[in-house]
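Peer 1: The following block contains the structure, expressed as structure tokens.
The values are calculated or read from the model by the stated rules, or taken from the named source; none is laboratory data. This structure is a prediction, so every number in the text was calculated from the model and none was measured. In this analysis, Cβ positions are derived from the backbone assuming ideal geometry, glycine residues included, and neighbour counts consider all displayed protein chains. Note: areas computed on protein heavy atoms with side chains; ligands, DNA, RNA excluded. Shrake-Rupley method; radii C 1.70, N 1.55, O 1.52, S 1.80 Å.
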Amino acid sequence: MPQFKPTPFGDYVLQDRIGAGGMAEIFLATARGIEGFEKRLVIKRILPTLSDDDQFVRMFIEEAKLCVALRHPNIVQVYDLGAIEQQYYIAMEYVDGRDLLKTLAACGKKRVGFPTDIALYIVLEVLMGLDYAHDLKRPDGSPLGIIHRDVSPSNLLLSFEGEVKIGDFGIAKASTREKTATGILKGKFGYMAPEQVLGAPIDHRADVFAIGIVLYELLTG
């Protein structure tokens, strides 16, 4: 596989391509300032094939507007939304560490159990971030009704400094947003509440159910 070459992208430099999905690609990047100042961050960019899809671009912008309102130590922070040469992107916080899925896999490979005290610490930190998001209100005091819908080990980031952060609120749903298209399920089956699997209406309890499954997985291996 050819090595990724640093590529200028507006005010950023894309340093490495670290992920891709059916809708967007993820880059480790740096933002440069005066006197050689640099800041590491992550750029999530719409795939070129989707840049002309007005409905998808609108959803991408709605996602960014929703995420930028989330300011909590246990949630990955979104810094910026923009478009460069008709390529829409979100700039977000870089977490120097590993996700919980990779950490669990390493435990399995070494045949060691996940420490109970650390498992409880991680889950409590996640719950604090979720509680904040679930309780977030509009300026008029009415609830936003945010639901993450994909609380799973791959979206829980563990920094080398001991921080726990919830990532990828990209499929989060607020009560003001249009409903998911019929037949499309967002999230991972193994962590979904029954009503979510059935495509029935869900509320914040679906996220609590999912973190319960994560806790079970951590404690039992």
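Peer 1: Tell me, what % of the accessible area of the chain is carbon and sulfur with a 1.4 angstrom probe?
Peer 2: Carbon and sulfur atoms account for 57 percent of the accessible area of the chain.
Peer 1: Then there's this: Measuring with a 1.4 Å probe in the full set of protein chains, what accessible area per residue, in whole Å², belongs to the chain?
Peer 2: 58
Peer 1: Over the Cα atoms of segment 35-106, what Rg and Dmax result, in angstrom?
Peer 2: Cα-based Rg and Dmax for segment 35-106 come out at 14.7, 42 Å.
Peer 1: Can you list the HN-Hα couplings for segment 58-66, worked out from phi with the Karplus curve (6.51, -1.76, 1.60; θ = phi - 60°), rounded to whole Hz and with x for Gly and Pro?
Peer 2: Calculated HN-Hα couplings, in order: 4, 5, 5, 5, 4, 4, 5, 4, 5 Hz.
Peer 1: Give me the percent relative contact order of segment 1-88, please, defined on Cα pairs under 8 angstrom at least 6 residues apart.
Peer 2: 19
Peer 1: How far is it, in nm, from the label point at Asp131 to the one at Tyr216 when both lie 7 Å from their Cα along the line to the Cβ?
Peer 2: Output for this residue pair reads 2.3 nm.
Peer 1: Find the Rg to Rh ratio for segment 34-75, where Rh is the Kirkwood radius over alpha-carbon pairs and Rg uses the same atoms.
Peer 2: Rg/Rh for segment 34-75 comes to 1.12.
Peer 1: For segment 81-153, report the % of Cα-Cα distances exceeding 18 Å.
Peer 2: Beyond 18 Å sits 64 percent of the P(r) for segment 81-153.
Peer 1: Can I ask one more? Between Glu85 and Cys107, what FRET efficiency comes out of the Förster formula 1/(1 + (r/R0)^6) with R0 = 30 Å and r the beta carbon distance, rounded to 0.05?
Peer 2: 0.10
Peer 1: Residue by residue, what Karplus-based ³J(HN,Hα) values in Hz, rounded to whole numbers, does segment 201-214 have, using 6.51, -1.76 and 1.60 with θ = phi - 60° and x for Gly and Pro?
Peer 2: For segment 201-214, the Karplus curve yields x, 10, 10, 4, 5, 5, 5, 5, 4, 4, 6, x, 5, 4 Hz.
Peer 1: A further question on this structure: Average projected area of the Cα convex hull of segment 91-133, in nm²?
Peer 2: 4.1
Peer 1: Only four residue types carry charge here, +1 at the Cβ of Lys and Arg and -1 at the Cβ of Asp and Glu. Report the dipole size of segment 6-47 about the Cα centre in Debye, rounded to the nearest 20.
Peer 2: Around 120 debye, computed over segment 6-47.
Peer 1: Which loop trypsin sites (Lys or Arg not before Pro) in segment 1-102, with loop taken from DSSP, have no more than 16 other Cβ atoms within 10 angstrom of their Cβ?
Peer 2: The qualifying sites are Arg71.
Peer 1: Taking the mean number of other Cβ atoms within 10 Å as a proxy for protection, how do you rank 133-142, 80-89 from highest to lowest?
Peer 2: So the order, starting with the most tightly packed, is 80-89, 133-142.
Peer 1: Just to be sure I understand: with springs between alpha-carbon atoms less than 10 Å apart, which residue in Val197, Val126, Val76 has the highest mean-square fluctuation in the Gaussian network model of the chain?
Peer 2: Of Val197, Val126, Val76, the most mobile in the Gaussian network model is Val197.
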